[in-house]
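For reference, the structure discussed in these notes is given below.
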Amino acid sequence: MSEHIVTIDGEVNYPITLDPTVWIFDRRKFPIQAVFPQIEEEGQCMHLNPFLHNAEPLRGATQVVCVLKTGERVPLTLDQANAAILRFSRNKKAILEDGPIWLYLADGSNVDNPIRNIQRFEVE
């Protein structure tokens, strides 16, 4: 699988494959500064919610685990994941080195240290 692909799987009706490199053409994208004006560098984002909605988490699912390229697992509540913001570009370029996406919590608590190197979202 390409290192620029992210999946949503686990306790879902429909596993989904995401390619953030094409989101630049998606009209749902928005600038990171629209949510976090304190971030000075240019960046484009998408909400995670529509993708989770389309995957249809099963009734008993309570969390979404960000599985990183290092194997580390970062759990989020389903509510946190549904409100999360996915940054896919930085200074008008795709995030390649520690991407392909960075996840920001909607409350801004990790604005200075977003979750990086996400390989997949596992719904549990």
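The values are calculated or read from the model by the stated rules, or taken from the named source; none is laboratory data. Remember, predicted model here, so these are calculated numbers, not experimental data. Quick reminder, even Gly has a Cβ in these numbers, built from the backbone with ideal geometry, and neighbours come from all protein chains shown.
The residues of region 14-42 that are in contact (Cβ under 8 Å) with a residue 60 or more places away in the chain and either among the charged types (D, E, K, R) or assigned to a loop (DSSP other than H, G, I, E, B) (or both), listed by number, are 35, 36, 38, 39. The number of residues in region 65-104 being in contact with a Ser or Thr (Cβ under 8 Å, 6 or more places away or on another chain) and either crowded, with 19+ Cβ neighbours inside 10 Å or under 16 Å from residue 20 (Cα atoms) (or both) comes to 4. For region 40-64, the set of residues classified as in contact with a Pro (Cβ under 9 Å, 6 or more places away or on another chain) and either under 16 Å from residue 15 (Cβ atoms) or surrounded by 16 or more Cβ atoms within 10 Å (Cβ to Cβ) (or both) consists of 43, 44, 45, 46, 55, 63, 64, listed by residue number. Restricted to region 71-88, and to residues there that are polar (S, T, N, Q) and either within 12 Å of the chain's Cα centre (by Cα) or at pLDDT below 95 (or both), the residue that is nearest to residue 11 (Cα to Cα) is 82.
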